[in-house]
Protein chains: 2
Amino acid sequence: MERPLILVTNDDGITAPGIRALIKVMNQIGDVVVIAPDSPQSGKGHAITIDSILTCNPITIDDGEQIEYSCSGTPADCVKIAVNEILNRKPDLCVSGVNHGSNSSINVVYSGTMSAAIEAGIEGIPAIGFSLLDYSWNADFLPLEKHIKAIATKVLNEGLPDGIVLNVNFPKVKEFQGVKVCRQARSNYQESFNKRTNPQGKEYYWLSGKLQNLDKGEDTDEFALQNEFISVVPVQFDLTAHHFIQNLNSWF
Amino acid sequence: MERPLILVTNDDGITAPGIRALIKVMNQIGDVVVIAPDSPQSGKGHAITIDSILTCNPITIDDGEQIEYSCSGTPADCVKIAVNEILNRKPDLCVSGVNHGSNSSINVVYSGTMSAAIEAGIEGIPAIGFSLLDYSWNADFLPLEKHIKAIATKVLNEGLPDGIVLNVNFPKVKEFQGVKVCRQARSNYQESFNKRTNPQGKEYYWLSGKLQNLDKGEDTDEFALQNEFISVVPVQFDLTAHHFIQNLNSWF
């Protein structure tokens, strides 16, 4: 059987330890092409570059077997340029991450990591976003490796339904309790804006916030992660609230 | 009864004719505060600014009754700073747009206009994104006004269920056939990258693409718009593909 073609990207940038860990695992199961941002793109959501140019150039970061390109765009741009310009054929799998930090619950909406996976899903490619609940640059990705390999292999073998990608989050623990399939917890951010004054006397702000879990369910990703399980949420990009259509019809 | 407090934002920037049209209508039904990007933010998806600063300053653009602030951030940033720093109380309604161009079908994922509405929804504020299928700066927003007023008034009176915002798109016609509640059409972009060479001899790309409607359903936003109806899609930000959870459970 032909070795699968695997596209790897992320949002922390092509040199991040998280993507290095992911590439290492993917090299074991397929032919790997990395097309990832040349700079950090956290919080970029599903942004695409339409008012400026993109560059995408071959690069060698380590001595692995993968082929790599460094791209000036967002994670979603990386997937678009990979599929349309760089790769000779449609990849069999797209993996994004491993993100340095959580993409559970409402984070999925802001996440560059997940937007790359969703973009691949839109293009009809089975896709997975991987994230570790550890923001530090020297986070330990070693305990994740066998689980990433197992989940990626499963998706390669089974495929995913049209319109669905996977959002996989790992708690920051040495030993996982197992894997739990979950729904996205209802949550939001309690924001606080830090107001400062610049050297010219003008005010500016830094955005910061703390995630609030508003969901008491025990079937959520937040609950699984708190209990040291790996969470797997099937994510769709049909955003229609189908259950409200009938009610809304009575309005017009 | 107290006049409702209405937050207005967009992604084409605070001086765009589309937001001016929206402000004009909102001034008829409530007290309006505008907090909108100081520059175009199309295609910014649900990006937020976490690696740089934000500015947000009072500004006067026209002689309407609204209060206005110009913000250096993305549409989602505008909503966050509005709710947490600028407004004295939670607004009764957030409206975003009117976007110069479509946010129907898969566009919702890339849309700055809709990300502002979704951000408001995450914060528990009833929210609507309005878009006109006309990219030109001097698009005619006049035929939209009475419909925008009717839909906004309806949302103010009835509210929206927790976790749902509305995505309203107007076809580019003088006379609408009516309003249709729809689901998001399955679609994607057929991209083409335009490869060029810069004055220093280095290659770069421009992303462009054409929407492909992959959906033959007659209950979609694309179908409604093609038939000159205003489309209204209820949009949710719980991205969980609930229908696939049971199946996925058998994997682990």
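The values are calculated or read from the model by the stated rules, or taken from the named source; none is laboratory data. What you see is a predicted model; the values in this text were computed from it and never measured. Here the Cβ is made from the backbone with ideal geometry for all residues, glycine too, and neighbour counts use every protein chain on show.
Residue by residue through segment A:231-249, note down the ones that are loosely packed, with under 14 Cβ neighbours inside 10 Å and either at pLDDT below 95 or facing chain B (nearest Cβ under 7 Å) (or both).
Matches in segment A:231-249: A:H242, A:N249.
Quick one: which of B:A139, B:A120, B:A150, B:A185 is without any contact (Cβ under 8 Å) to a residue 12 or more places away in the chain, of a type in the set (A, V, I, L, M) and outside any strand (DSSP E or B)? Steps first, please.
Values: B:A139 fails: without any contact (Cβ under 8 Å) to a residue 12 or more places away in the chain; B:A120 fails: without any contact (Cβ under 8 Å) to a residue 12 or more places away in the chain; B:A185 fails: without any contact (Cβ under 8 Å) to a residue 12 or more places away in the chain.
Within the list B:A139, B:A120, B:A150, B:A185, the selection yields B:A150.
State yes or no: is A:L133 closer than 27 Å to A:L239 by Cα, of a type in the set (A, V, I, L, M, F, W, C) and away from every other protein chain (no Cβ under 14 Å)? Give the steps one after another, and end with the answer.
On the way: closer than 27 Å to A:L239 by Cα: yes; of a type in the set (A, V, I, L, M, F, W, C): yes; away from every other protein chain (no Cβ under 14 Å): yes.
Criteria met by A:L133.
I'd like to verify a number: residues in segment A:206-230 that are in a strand (DSSP E or B) and either within 11 Å of another protein chain (Cβ to nearest Cβ) or of a type in the set (V, I, T) (or both), how many? Please lay out each step first, then the result.
From segment A:206-230, those in a strand (DSSP E or B) are A:206-213, A:220, A:230; that's our starting set.
After this cut, where a residue has to be either within 11 Å of another protein chain (Cβ to nearest Cβ) or of a type in the set (V, I, T) (or both) as well, the list is A:206-209, A:212, A:220, A:230.
Adding up the residues that qualify gives 7.
Suppose we filter A:D219, A:D238 for residues that are acidic (D, E), on the phi < 0 side of the Ramachandran plot and touching a residue at least 60 places away in the same chain (Cβ under 8 Å); which single one remains? Show your work before the answer.
Details: A:D219 fails: touching a residue at least 60 places away in the same chain (Cβ under 8 Å).
Every option except A:D238 fails the conditions.
Look through segment B:187-205, keep the residues that are within 30 Å of A:H242 (Cβ to Cβ) and more than 7 Å from chain A (Cβ to nearest Cβ), and return whichever of them is surrounded by the most Cβ atoms within 10 Å (Cβ to Cβ). Quick ask: steps written out before the conclusion?
The first filter runs over segment B:187-205 and keeps only residues within 30 Å of A:H242 (Cβ to Cβ), leaving B:187-191.
Filter once more, so that each one left must be more than 7 Å from chain A (Cβ to nearest Cβ): B:187, B:189-190.
On the way: B:S187: 18, B:Y189: 20, B:Q190: 10.
If we take residues in segment B:187-205 being within 30 Å of A:H242 (Cβ to Cβ) and more than 7 Å from chain A (Cβ to nearest Cβ), then B:Y189 is surrounded by the most Cβ atoms within 10 Å (Cβ to Cβ).
When you scan segment B:71-89, how many residues do you find that are basic (K, R) and more than 13 Å from chain A (Cβ to nearest Cβ)?
Looking only at segment B:71-89, we keep the residues that are basic (K, R), and these are B:80, B:89.
Narrowing the set further to residues that are more than 13 Å from chain A (Cβ to nearest Cβ) leaves B:89.
Final tally of qualifying residues: 1.
Which condition does A:N157 not pass, out of (1) modelled with pLDDT of 95 or more; (2) assigned to a strand (DSSP E or B), if it passes all the others?
The single condition A:N157 does not satisfy is (2).
Name the single residue, out of those in segment A:43-70 being among the polar types (S, T, N, Q) and out of contact with any helix residue (DSSP H, G or I) (no Cβ under 7 Å at 6 or more places or on another chain), that is farthest from the other protein chains (Cβ to nearest Cβ). Before you say what the answer is, go through the steps one by one.
Initially, segment A:43-70 is screened for residues among the polar types (S, T, N, Q), giving A:49, A:52, A:55, A:57, A:60, A:66, A:70.
With out of contact with any helix residue (DSSP H, G or I) (no Cβ under 7 Å at 6 or more places or on another chain) added as a condition, the list becomes A:52, A:55, A:57, A:60, A:70.
On the way: A:S52: 9, A:T55: 5, A:N57: 8, A:T60: 18, A:S70: 13 Å.
Step by step, filter segment A:43-70, then rank; the result is A:T60.
Quick one: which strands (runs of 3 or more DSSP E) sit completely within segment A:8-99 and have at least 2 residues that are under 15 Å from the mean Cα position of the chain (by Cα)? Write out each step before concluding.
On the way: elements: A:31-37, A:56-58, A:67-71.
So the answer is A:31-37.
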